[in-house]
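S.K.: I have a structure I would like to understand better, so I am pasting it below and will then ask my questions one at a time.
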Amino acid sequence: MSQKRSSFSGKLGFVLAAAGSAVGLGNIWRFPYLAAKYGGGIFLLVYLILAVTFGFALMTGEIALGRKTGKSAIEAFGALNKKYTFIGVLASVVPIIILPYYSVIGGWVAKYLTVFVSGGATAAADDSYFTNFIAQPFEPLGWFLLFIGLTALVVLFGVEKGVEKVSKIMMPILVVLTICIAIYSMCMPGAMEGVVYYFKPDFSKFSATTVLAAMGQLFYSMSLAMGIMITYGSYMKKDVSINSSVSQIEIFDTGIAFLAGLMVIPAVFSFSGGDETALGKGPGLMFITLPKVFNSIPGVMGTIIGAAFFLLVLFAALTSSISLMETVVSIVRDKLGWGRKLTCIVVAIGSILLGIPSSLGFGVWSHININGNTFLDMFDIFSNSILMPIVAFLTCIFIGYVIKPQTLIDEVECDGKAFKRKGLFNVMIKYVAPICIVLILISSILDVTGIAKI
Ligand code: PHE
């Protein structure tokens with residue numbers, strides 16, 4: 001290929017862009033909910049241990065694979081061993097599926113931001129506001145188009161001038177907003193009960209499923225097994241340390257997830273008078289419960305906190321969707337050799353077409369579903385519960401037994417510094433991670449098929 005590969009300007013740009021991908025909707029609604037469900041402090045502890053072992057090994061592997069080959073997922077595996085090109089093809093399917101529906105949800109977030117900014121907190125706090133909104137045919141589609149248009153605009157500007165620049169602006173704002181809202185939330189009346197609930201380890205809730213749930217969350221939260229870290233690694237300069245970058249991305253991602261818990265749980269406790277079931281799960285928490293909490297805050301503060309919250313969620317969602325689109329664009333360009341502009345336009349149009357069923361699935365197309373799962377749910381289940389564990393498993397086998405961990409250890413050490421945790425990397429990639437991933441896959445399949453619920 002004649003075109004020169006783009007790159008991040010340096011370590012900060014790389015770390016912030018990768019952290020921008022990792023910090024997303026998963027950190028803000030899924031992590032607090034899971035932590036509350038699986039025993040508070042004990043879940044936090046398990047999550048932390050997994051992040052520095054399992055998460056560290058998989059993320060290092062993907063980034064090193066990308067940097068070594070200088071290719072996106074679709075070519076990276078084949079570049080090292082032709083027979084395994086299929087893993088790259090499978091990995092490339094994941095972001096193609098996720099980008100459209102993730103952008104539909106991103107559109108909802110953008111809508112809620114404007115509702116709060118324009119003083120509509122009371123309307124948004126109504127029980128049926130959210131379900132009525134997503135059931136409409138045109139308005140959610142419009143927000144989806146806006147969200148994907150914004151994403152495409154950033155990707156159009158390229159790696160350094162688009163992705164990196166936007167991450168450098170949005171990520172610091174996101175951190176400041178999260179800290180401010182968490183502090184406010186902890187000061188609400190009755191909030192301390194929520195803080196205690198969040199931190200206090202409840203050993204009775206600890207079981208193998210705690211570990212499994214933490215692992216599944218970690219995977220998703222660190223944007224693993226979707227080709228993103230391979231692509232970002234391919235844009236990384238050789239003199240930037242993979243080792244310390246991975247540590248920083250992990251601290252960023254886990255730190256924001258942890259703070260999100262401090263932001264969401266005390267506020268919901270304060271509002272519900274200590275009723276933990278109000279934490280609910282998934283979209284309900286973010287689009288139904290939290291607007292009620294914000295609306296209950298007296299005076300103009302409710303509007304301010306609500307608007308700040310949705311702004312931060314919007315930034316988190318945008319930097320994640322940018323990483324998804326950049327990954328898809330990079331895959332198409334590696335494969336077809338097209339220019340960035342043309343690829344961006346084609347990918348945006350393709351994603352819009354694929355996203356339409358997800359957007360309409362809550363209204364005019366709600367009759368098309370499997371066991372009550374709408375289009376959006378089905379894309380989500382297929383990519384997160386089935387495809388991602390398969391890709392992660394194959395990636396471990398590829399690194400552990402085909403190219404051998406040493407190949408990537410050499411890549412990590414090419415900046416002249418020793419790879420301190422290489423023993424851990426080796427053991428994780430070859431033995432622990434593949435076994436754990438198979439367990440995640442089995443439990444997901446049992447869960448999806450309704451045989452057993454974890
Ligand atoms: N890591 C993201 C999160 O925690 C998940 C994600 C990233 C999803 C990128 C899609 C694309 O929400």
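S.K.: Here are some conditions: (1) within 16 Å of the ligand (Cβ to nearest atom); (2) in contact with a Gly (Cβ under 6 Å, 6 or more places away or on another chain). Met170 meets all but one. Which one does it not meet?
M.R.: Condition not satisfied by Met170: (2).
A quick yes/no check of all residues on (1) at pLDDT below 95; (2) within 30 Å of Met286 (Cβ to Cβ); (3) within 18 Å of the chain's Cα centre (by Cα); (4) open to solvent by 10 Å² or more (accessible area, probe 1.4 Å):
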position: Leu311; (1), (2), (3), (4): no, yes, yes, yes
position: Ala317; (1), (2), (3), (4): no, yes, yes, no
position: Thr327; (1), (2), (3), (4): no, yes, yes, no
position: Val347; (1), (2), (3), (4): no, yes, no, yes
position: Ile352; (1), (2), (3), (4): no, yes, no, yes
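Yes/no per residue for (1) under 27 Å from Leu145 (Cα atoms); (2) touching a Phe, Trp or Tyr at 6+ places or on another chain (Cβ under 7 Å):
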| site | (1), (2) |
| --- | --- |
| Thr69 | no, no |
| Ala79 | no, no |
| Lys82 | no, no |
| Thr85 | no, yes |
| Gly88 | no, yes |
| Ser92 | yes, no |
| Trp108 | yes, yes |
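S.K.: Now for a separate question. Just need a number here: residues in segment 12-43 that are farther than 24 Å from Ala225 by Cβ and open to solvent by 10 Å² or more (accessible area, probe 1.4 Å).
M.R.: Adding up the residues that qualify gives 3.
S.K.: Name the pairs: first residue in segment 238-256 and over 17 Å from Gly61 (Cβ atoms), second residue among the polar types (S, T, N, Q) and assigned to a helix (DSSP H, G or I), Cβ to Cβ under 7 Å, at least 6 apart or on different chains?
M.R.: So the pair list comes out as Ile256/Asn27; Ile256/Thr178.
S.K.: Can you pull out the residues in segment 147-185 that are free of Cβ contacts under 8 Å to residues at least 40 places away in the same chain and open to solvent by less than 70 Å² (accessible area, probe 1.4 Å)?
M.R.: Pro172
S.K.: Can you name the residue in segment 1-43 that is of a type in the set (Lys, Arg) and either assigned to a loop (DSSP other than H, G, I, E, B) or within 16 Å of the ligand (Cβ to nearest atom) (or both) and, of all such residues, is nearest to Ile181 (Cα to Cα)?
M.R.: If we take residues in segment 1-43 being of a type in the set (Lys, Arg) and either assigned to a loop (DSSP other than H, G, I, E, B) or within 16 Å of the ligand (Cβ to nearest atom) (or both), then Arg30 is nearest to Ile181 (Cα to Cα).
S.K.: Out of the residues in segment 192-248 that are of a type in the set (Asp, Glu) and farther than 24 Å from Leu80 by Cα, which is farthest from the ligand (Cβ to nearest atom)?
M.R.: Of everything passing the filter in segment 192-248, Glu193 is farthest from the ligand (Cβ to nearest atom).
S.K.: Right, another one. Tell me yes or no: at least one residue of segment 225-234 is in a helix (DSSP H, G or I), open to solvent by 30 Å² or more (accessible area, probe 1.4 Å) and over 28 Å from Gly299 (Cβ atoms).
M.R.: Looking through segment 225-234, none of the residues is in a helix (DSSP H, G or I), open to solvent by 30 Å² or more (accessible area, probe 1.4 Å) and over 28 Å from Gly299 (Cβ atoms).
S.K.: Considering only segment 259-283, state which residues are open to solvent by less than 50 Å² (accessible area, probe 1.4 Å), part of a helix (DSSP H, G or I), of a type outside the set (Val, Ile, Thr) and touching a residue at least 40 places away in the same chain (Cβ under 8 Å).
M.R.: Leu259, Ala260, Gly261, Leu262, Met263, Pro266, Ala267, Phe269, Ser270, Leu279
S.K.: Tell me which helices (runs of 4 or more DSSP H) are completely within segment 44-124 and hold 1 or more residues being hydroxyl-bearing (Ser, Thr, Tyr), or say none if there are none.
M.R.: In segment 44-124, the matching helices (runs of 4 or more DSSP H) lie at 56-69, 85-117, 121-124.
S.K.: Additional query: Evaluate the following for Ile74: is it open to solvent by 10 Å² or more (accessible area, probe 1.4 Å), within 12 Å of the ligand (Cβ to nearest atom) and either within 13 Å of Ala225 (Cα to Cα) or free of Cβ contacts under 8 Å to residues at least 40 places away in the same chain (or both)?
M.R.: Spelling it out, it is not the case that Ile74 is open to solvent by 10 Å² or more (accessible area, probe 1.4 Å), within 12 Å of the ligand (Cβ to nearest atom) and either within 13 Å of Ala225 (Cα to Cα) or free of Cβ contacts under 8 Å to residues at least 40 places away in the same chain (or both).
The values are calculated or read from the model by the stated rules, or taken from the named source; none is laboratory data. Given the structure is predicted, the values throughout are model-derived calculations rather than measurements. As a convention, Cβ positions derive from the backbone with ideal geometry for all residues, glycine included, and neighbour counts pool all protein chains shown. Note: accessible area is taken over every heavy atom of the protein model, side chains too, but ligands, DNA and RNA are not part of it. Shrake-Rupley method; radii C 1.70, N 1.55, O 1.52, S 1.80 Å.
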